[in-house]
Amino acid sequence: TIWWLARLISKEKSAPVRWWEWAVAGALVGLAGLSKLQGLALLAPVGAVALWMAWQRRSLRFLLLAAAMIALPALAIAGWWYWRNFQLYGDLLGAERLLSINGRRSEPLNWPGFVGEMRGLRYSFWGLFGWFNILLPAWVYTVLDVVTVVAVAGFGVAAARAVAARRREALAHPAARTKALLAFWALTLVGSMLYWATFAVSSQGRLLFPALSAFGVILVAGLLTWLNFLPRLRWPLLSLLPLGLLACSVYALSVLLPASYNSPQPIAGLPPDALTLDAVYDDAIELVGIQLPEGRFHPGESAEITLYMRAKQALDRDLQLFVQLLDEERKPIANVTTHPGWGRHPTSLWAPGALYADRYLVRIDQAIDNRSPLLADVYVGFTEADSTEPLPAAHSTGEAVQGIAGQVEVEAWEPLDTGKLGLQPVTATFDRGIRIAGASFPPAIDAGTASLPVTLLYESDGAPGEDYTAFVHLVDSAGEQAKGFDQPPAGARFPTGAWRAGDRILGEFEIALDGGLAPGRYELWTGLYRSESQGKERLAVVESGQPVEDNRVLLGTVDVK
C-alpha cells in the first residue's frame, strides 16, 4: 500500500490519475484491514495523499472521486468483517472483546512501566527470542539505539534544511514527497501503538513491522546526512549496519538459540561466589545455592538470579518454579513463573543427585515509593503444574523454612523530594557517616492524643557496614523517658547495613502514647545504636547543631495540653 501511495504522490500535478489507481489503493487498504486491525491505520496516509494531491490540483471533484474509489473496494473487501464484529460484540473493531479476554491493563501505565515497556519494544523490534527471554548481547541493543537516534536526527536535519532552502517548494521533488509520506506513515504507526499501549499490554516490536519499509528508508537517509561529510568513507561505513545485522542473525541461529534450547548439563559444584542454601521442597527438590546480582536495580530493569538445584530422587511429575522479589510487606514487585530451564529442563528429566544451574532474568515490574531504597527478599518456590499453592519447604534437618533465598537491592524510580514534607532543618552527624538532616513532628498535642508521629530525614556519607536501630524518645521534666519508639531508620525495608554514600532515607516513627500523657513539656531525643546490642552500644555523635547528651540529639520539645 505504501509503495502504491508513493507511486501516486510522485506524479506531477499535471499528470492524470485514473479512477482505477485509487481503486487499487482502496483494495490494498481493504486487504490490510481484513488481515489485521492495525491495517486500518493505512487510512491516515491514504487520506493524506488524496488531500495533498487534491490541494495541489485545487480540485474538490478530484478529492471526492478519490474518496469514493478508495472507500468502495475497501468496504467491499473488509467491511463485512467489521459488520460481523458489530453484530457479535456491539463493537465494529472487536477490540473490547479481545481486551476482555486477554491484554487489558489492570493498572494505569506509569512512567517506570512505560520506560520498561519501551525497552522491551526496542529489544523485540531488533531481535528477541523465546518468550521474550532470549536476548542478544546487551551492547548490541545499545549500539542500535545510538544508530537509531543518530539516523532520526539526521533525517530531521535534512528535512529542516530542505524546508529552509525551498520553503513552499520543499515538496516539489517526488523523492521529497515520498520521504514525507514514509515519515508520516512511521509516525502514524508509532502513535497508534503508543495509544494502544495506554490500555493494552502489547508493546512488542512486531507491531512496528508494517512500517519496516519506512523505517529502512528513514534510517539510511538519516545516516547519509552525516556520512556525506565523509564522501570517501560513506558507503563503507554505511555497509557496517547491514553487515552487523547479518552477523547478529548468524550468531542467533548458530550460537544463541542452540545454547538457549539445549538442556542444561550437570555441573561439578557450586561456584565460589554462590551463596550456599539448605532448602528441600516437598522432600523432592533441594535448593543448594543461589547466585545474586550486585548493584541496585530500578523498576523496569531485570535482576539476574541463578539457582543451583538437584532432585533427591527420580521424579515422575513436572513441577513449576517461581522466583519473586518481595517488598517489606511481602508483596511481589517482580515475578517469574515457569518450568525449570524455561521449559527446557522439566523436573521429570532430572538425574537424581545431579546439580543443575538455572539462570533467570527477573524483571521488576512494580514501582516502589521513594522513602528509601528497598532490600527485596528473593522468594523461591515450587508448585504442582495445576496448582498455585507453593509446596512446603524445609531444611534438611526437617525445620520448616519460608523459601527466602537472599536479597536484591531495588532503587526507587525517582529520588526523594523533601521539599513538600515540611521538614525543619537539623544538623546532627553520627559515627559511620549517618546524618540527620531534617525532622518533623507536632510541637503541641492534646493530652488524650493516641500517638505522636515523627519524621526524620537521614543521609549517608558512606557505608555504615552493619545494622543500626534508631530510637525516638519523649523525656519528661524529671529527665525520665515517658514514651518512645525504636526501629531501624527505614523500618524493615532497608537496613543500614545496605546503605551507601548518597542515600537519603525518610524514617517514619509513630510513638504510641497509650491513652495520652500528663500535661506538660516533653523533650524529644533521638539517636542510633547497634541492633545486636539491644540499645546498649549507641553511635557517637561526632557533630551537631543541636544539644547533645549521652550520644543522643535533642530534636525539640512537645507541649502536651
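The values are calculated or read from the model by the stated rules, or taken from the named source; none is laboratory data. All of these numbers come straight from a predicted model, not from anything done at the bench. When we count neighbours, we look across all protein chains shown, and the Cβ atoms used for this are built from the backbone with ideal geometry, even at glycine. These area figures cover heavy atoms from the full protein model, side chains too; ligands, DNA and RNA do not enter into them. Shrake-Rupley method; radii C 1.70, N 1.55, O 1.52, S 1.80 Å.
Provide the three semi-axes, in whole Å and in decreasing order, of the ellipsoid equivalent to the stretch 246-306 as defined by the square roots of 5 times the Cα gyration tensor eigenvalues. Don't skip to the answer; put the middle values down first.
Working: eigenvalues 164, 77, 28 Å².
Here the semi-axes work out to 29, 20, 12 Å.
Might you report the magnitude of the Cβ-based charge dipole of the stretch 288-330 about its Cα centre, with Lys and Arg at +1 and Asp and Glu at -1, to the nearest 20 debye? Let's see the in-between values first.
Details: 5 positive and 8 negative charges, 62 e Å.
Here the size comes out at about 300 debye.
Using +1 at the C-beta of Lys and Arg and -1 at the C-beta of Asp and Glu, which of 98, 507, 86 has the Cα lying farthest in the positive direction of the dipole of the chain?
Selected residue: 86.
Between the stretch 487-537 and the stretch 197-252, what's the alpha-carbon centroid distance in Å?
Taking the Cα centre of each part, the stretch 487-537 and the stretch 197-252 sit 55 Å apart.
Starting from the Cα-Cα distance between residue 61 and residue 43, subtract it from 0.36 nm times their residue separation and give me the gain in nm to one decimal. It would help to have the intermediate numbers written out before the result.
Details: separation 18, 0.36 × 18 = 6.48 nm, distance 1.96 nm.
Difference between extended and current length: 4.5 nm.
Rg to Rh for the chain: what is it, with Cα atoms only and Rh by Kirkwood? If you can, show how the numbers build up before the last one.
Numbers: Rg = 32.2 Å, Rh = 29.4 Å.
Answer for the chain: 1.09.
For the stretch 72-157, what is the per residue volume of the convex hull drawn over the alpha-carbon atoms, in cubic angstrom? Could you put the intermediate results ahead of the total?
On the way: hull volume 17.1 nm³, N = 86.
It is 199 Å³ per residue.
Using label points projected 7 Å from each Cα along Cα→Cβ, tell me how many nm separate residue 110 and residue 243, to one decimal.
Inter-label distance under the simple model: 4.7 nm.
Using a simple charge model, +1 on the beta-carbon of Lys and Arg, -1 on the beta-carbon of Asp and Glu, nothing else, what dipole does the stretch 122-236 show about its Cα centre, in debye to the nearest 20?
Numbers: 10 positive and 2 negative charges, 94 e Å.
Dipole about the Cα centre, nearest 20: 440 debye.
Taking the alpha-carbon set of the stretch 396-519, what are its Rg and Dmax in Å?
Here Rg and the maximum Cα pair distance are 17.6, 57 Å.
State the antiparallel share, in %, of DSSP beta bridges confined to the chain, rounding to the nearest 5. Kindly include the intermediate steps, with their values, before the conclusion.
Numbers: 94 of 98 bridges.
Just about 95 percent of them are antiparallel.
Per-residue accessible area for residue 380 at 1.4 Å probe radius, Å² rounded to 10?
0
With axes computed from alpha carbons, what is the tilt in degrees of helix 174-197 against the longest principal axis of the chain, rounded to the nearest 10 within 0 to 90?
Between the helix axis and the principal axis of the chain, the angle is about 40 degrees.
Hey, if we sort 404, 364 by accessible area with the 1.4 Å probe, largest down, what's the order?
Heavy-atom accessible area, descending, gives 404, 364.
Rounded to the nearest 500 deg cm²/dmol, what is the calculated helix-only ellipticity per residue at 222 nm for the chain, with -39500 (n - 2.57) per DSSP H run of length n ≥ 4? Intermediate values should be presented prior to the final figure.
Values: 13 runs with 179 residues, N = 561.
Value at 222 nm, helices only: -10500 deg cm²/dmol.
With a 1.4 Å probe and every protein chain left in place, work out the accessible area per residue of the chain in Å², rounded to a whole number.
Numbers: 29090 Å² over 561 residues.
Accessible area per residue: 52 Å².
Arrange the residues 383, 418 by how much accessible surface each exposes, largest first, with a 1.4 angstrom probe. It would help to have the intermediate numbers written out before the result.
Numbers: 383 10, 418 35 Å².
So, going from the largest accessible area down, we get 418, 383.
In nm, give the distance between the simple-model label positions of residue 339 and residue 194, each being 7 Å from the Cα along the Cα-to-Cβ direction.
Placing both labels 7 Å beyond Cα along the Cβ direction yields 4.1 nm.
On a straight-distance basis, which lysines could pair with residue 36 in a cross-link, Cα separation under 28 angstrom, same-chain partners fewer than 8 positions away excluded?
Candidates past the 8-residue exclusion: 179.
Can you tell me the dipole magnitude for the chain around its Cα centre, using point charges on the Cβ only (Lys, Arg +1; Asp, Glu -1), in Debye to the nearest 20?
Using only the charged Cβ atoms, the result is roughly 4980 debye.
State, to one decimal in nm, how far the label point of residue 212 lies from the label point of residue 294, with both points 7 Å from Cα in the Cβ direction.
4.1
Please compute the length gained on full extension between residue 13 and residue 481, using 0.36 nm multiplied by the number of residues separating them and subtracting their Cα-Cα distance.
Values: separation 468, 0.36 × 468 = 168.48 nm, distance 9.14 nm.
Here the answer is 159.3 nm.
Output the relative contact order of the chain, whole-number percent, from Cα pairs under 8 angstrom with separation of 6+ residues.
Working: 1009 pairs, mean separation 51.6, N = 561.
Across the chain, relative contact order equals 9 percent.
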